[in-house]
Amino acid sequence: MLKKHTNSAYEAELDQLRDKILLMGGYVEEAIAQAMEALKDRDSEKAKRVISRDKLINTLELEIDELCVELLALRQPAGSDLRLIITGLKISTDLERMGDLVVNLCERVIELSREPLLKPLIDLPHMANLAMGMVREALDAYVKHDASAAKEVCERDDEVDNLDSQIVRELLTYMMEKPGSITRGLGLIMVTRYLERIADHATNISEMVIFLVKGKDVRHRGIGD
Amino acid sequence: MVSSNIECNNLSLWYEDSKALDDVSMNIKPNRVTALIGPSGCGKSTFLRCINRMNDEIAGVRTEGSIIFEGEDILSPKADVVELRRRVGMVFQRWNPFPKSIFDNIAYGPRTHGMKDKARLSEIVEDALKKAALWDEVKDRLRESAFSLSGGQQQRLCIARALAVEPDILLMDEPASALDPISTAKLEELITKLKQRYTVIIVTHNMQQAARISDFTAFFYMGKLIEFDTTNTIFTNPGEERTEAYITGRFG
């Protein structure tokens, strides 16, 4: 890691940016966990609480963007500082989208909670845990400037994608056997798809972390070395 | 148009016993702006002054290595220093017009080099003032004293004076550091135009300025050339940790 800035106010602002990103990531992780609990317990009240807490995530997105614009305008950042700020802007967008996906997930939970669960949930919570882990580790990699950890997160997206298709296949079988399960089956398929997209956003964050550390843009071209 | 690179090979320089440049090698491309950056005392101005042998004026200076321009070593004792300084113009931090009229400031160089034809001199003055983006502001007052101009105008007058002897290379040592933002913007605009005809090498403490106007940037530290690359690379993803520390403000 580099030495601290000669200008300590600048240093403090960059620290503030890292802290806000971590806080926002923490809210997203917590929202996913709570939403999954609500799904399992068919607890629509809990789902509503998660939806109302999305405001916190949105507010942080605005604060992070404002801080980044201020840093760009007032500090004329260069090198790794510039990349930290550009990455911060992008990460805040990805986190905010994740927040919106959790809101969608909670809306499905509210619908699903009106009927008994179609089947015991095993793979979906596993998938949610994987996605949460990816979010947490992508942000860890951001704070620690760790490109190899970020690369590892990108690679784990395949596991989530495999689970996604497996779960969808399984639910389709249920739905074909029992047309009465179609509404619930579709709801769960959508939940699966939200989790898969959350993992995609975590992958985006990891790709930006690789840019942050190496100055190399790996988006849309594979992450090799 | 200039076509020759300026090739510095293993250039070292001592002021008496203190080594100010340490084994600097770099290849400066023609018709490009190259910025030299680094903290005070890093050797960037010393390096700049090697290119037109200005350091010769300082007692006790000794150099090793070579600076090859158009096949000849600028530092060779056989080099024609007067001709070299015609071909390598210089603009300083503090503008220094002669206590003469605007016209005579520009005509001074060509006259010194033997130009007597009045019509031709007028053409040279007009051409140099146009290249320095000053003509429109002074064309009706060429006989007034150079000191009647604003600081930014005087600095552009000094650039016009340097251009009047048709140099190939322009050296600029902190040319905008004493100018207000608008004059600085005009000067920067001028520098990016000048590279069509000249090779420009500029020393600046203003890193945003280096980033805005230069094609290549060289970072000096303690007499050594630490990194030399495209300006884009130096300011977005430098290869050396000391460069990164400097451009992001983590020095000292």
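The values are calculated or read from the model by the stated rules, or taken from the named source; none is laboratory data. What you are looking at is a predicted structure, and each value in this text was computed from that prediction instead of being measured. Using ideal geometry, Cβ is built from the backbone for each residue, glycine included, and neighbour counts are taken over all protein chains shown. SASA here: full protein model, heavy atoms, side chains in, ligands and nucleic acids out. Shrake-Rupley method; radii C 1.70, N 1.55, O 1.52, S 1.80 Å.
Taking the conditions exactly as written (open to solvent by 70 Å² or more (accessible area, probe 1.4 Å), over 18 Å from A:ASN129 (Cα atoms) and away from chain B (no Cβ under 14 Å)), does A:LEU62 satisfy them or not? Show your work before the answer.
Numbers: open to solvent by 70 Å² or more (accessible area, probe 1.4 Å): yes; over 18 Å from A:ASN129 (Cα atoms): yes; away from chain B (no Cβ under 14 Å): yes.
Spelling it out, A:LEU62 is indeed open to solvent by 70 Å² or more (accessible area, probe 1.4 Å), over 18 Å from A:ASN129 (Cα atoms) and away from chain B (no Cβ under 14 Å).
So, A:LEU118, is that one touching a residue at least 40 places away in the same chain (Cβ under 8 Å), within 28 Å of A:ASP41 (Cβ to Cβ), out of contact with any His (no Cβ under 7 Å at 6 or more places or on another chain) and surrounded by fewer than 22 Cβ atoms within 10 Å (Cβ to Cβ) or not? Write out each step before concluding.
On the way: touching a residue at least 40 places away in the same chain (Cβ under 8 Å): yes; within 28 Å of A:ASP41 (Cβ to Cβ): yes; out of contact with any His (no Cβ under 7 Å at 6 or more places or on another chain): yes; surrounded by fewer than 22 Cβ atoms within 10 Å (Cβ to Cβ): yes.
For A:LEU118, the condition - touching a residue at least 40 places away in the same chain (Cβ under 8 Å), within 28 Å of A:ASP41 (Cβ to Cβ), out of contact with any His (no Cβ under 7 Å at 6 or more places or on another chain) and surrounded by fewer than 22 Cβ atoms within 10 Å (Cβ to Cβ) - is met.
Just give me the residues in the stretch B:76-93 being among the aliphatic types (A, V, I, L, M) and free of Cβ contacts under 8 Å to residues at least 12 places away in the same chain, in sequence order. Show your work before the answer.
Restricting attention to the stretch B:76-93, the residues satisfying the condition of being among the aliphatic types (A, V, I, L, M) are B:79, B:81-82, B:84, B:88, B:90-91.
Passing the criteria: only B:VAL82.
Taking the condition of being part of a helix (DSSP H, G or I) and open to solvent by 60 Å² or more (accessible area, probe 1.4 Å), how many residues in the stretch A:35-51 meet it?
Taking the stretch A:35-51 and keeping what is part of a helix (DSSP H, G or I), we get A:35-41, A:44-51.
Pick out the ones that are also open to solvent by 60 Å² or more (accessible area, probe 1.4 Å) and you get A:37, A:40-41, A:45, A:48-49.
Going through the stretch A:35-51 one residue at a time, the tally reaches 6.
Would you confirm, using the coordinates I've provided, whether B:ASP136 is closer than 18 Å to B:GLY152 by Cα and either of a type in the set (Asp, Glu) or out of contact with any Gly (no Cβ under 7 Å at 6 or more places or on another chain) (or both)? First the steps, then the outcome.
Values: closer than 18 Å to B:GLY152 by Cα: yes; either of a type in the set (Asp, Glu) or out of contact with any Gly (no Cβ under 7 Å at 6 or more places or on another chain) (or both): yes.
Criteria met by B:ASP136.
For (1) open to solvent by less than 20 Å² (accessible area, probe 1.4 Å); (2) modelled with pLDDT under 95; (3) under 25 Å from B:ALA133 (Cα atoms), each residue gets a yes or a no:
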position: B:SER3; (1), (2), (3): no, yes, yes
position: B:VAL24; (1), (2), (3): yes, no, no
position: B:GLN93; (1), (2), (3): no, yes, yes
position: B:ASN105; (1), (2), (3): yes, no, yes
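Consider B:GLU137 against the criteria (1) surrounded by fewer than 21 Cβ atoms within 10 Å (Cβ to Cβ); (2) more than 14 Å from chain A (Cβ to nearest Cβ); (3) touching a residue at least 24 places away in the same chain (Cβ under 8 Å); (4) not β-branched (Val, Ile, Thr): it satisfies all of them except one. Which criterion is unmet?
Every listed condition holds for B:GLU137 apart from (3).
Test each condition in (1) within 11 Å of chain A (Cβ to nearest Cβ); (2) touching a residue at least 40 places away in the same chain (Cβ under 8 Å) for B:LYS195 and report the one that comes out false.
B:LYS195 satisfies every listed condition except (1).
Suppose we filter the stretch B:107-121 for residues that are over 15 Å from B:CYS158 (Cβ atoms) and surrounded by 14 or more Cβ atoms within 10 Å (Cβ to Cβ); how many remain?
Narrowing the stretch B:107-121 to residues over 15 Å from B:CYS158 (Cβ atoms): B:110-121.
Subsequent filtering for residues that are surrounded by 14 or more Cβ atoms within 10 Å (Cβ to Cβ) retains B:110-111, B:115, B:121.
Total meeting the criteria: 4.
Filter the stretch B:205-231 for residues that are within 14 Å of another protein chain (Cβ to nearest Cβ) and of a type in the set (Val, Ile, Thr); which is most open to solvent (accessible area, probe 1.4 Å)?
B:THR230
Can you find a residue that is under 30 Å from B:TYR246 (Cβ atoms), surrounded by 18 or more Cβ atoms within 10 Å (Cβ to Cβ) and within 14 Å of another protein chain (Cβ to nearest Cβ) anywhere in the stretch A:138-145?
Among the residues of the stretch A:138-145, not one is under 30 Å from B:TYR246 (Cβ atoms), surrounded by 18 or more Cβ atoms within 10 Å (Cβ to Cβ) and within 14 Å of another protein chain (Cβ to nearest Cβ), which makes the answer no.
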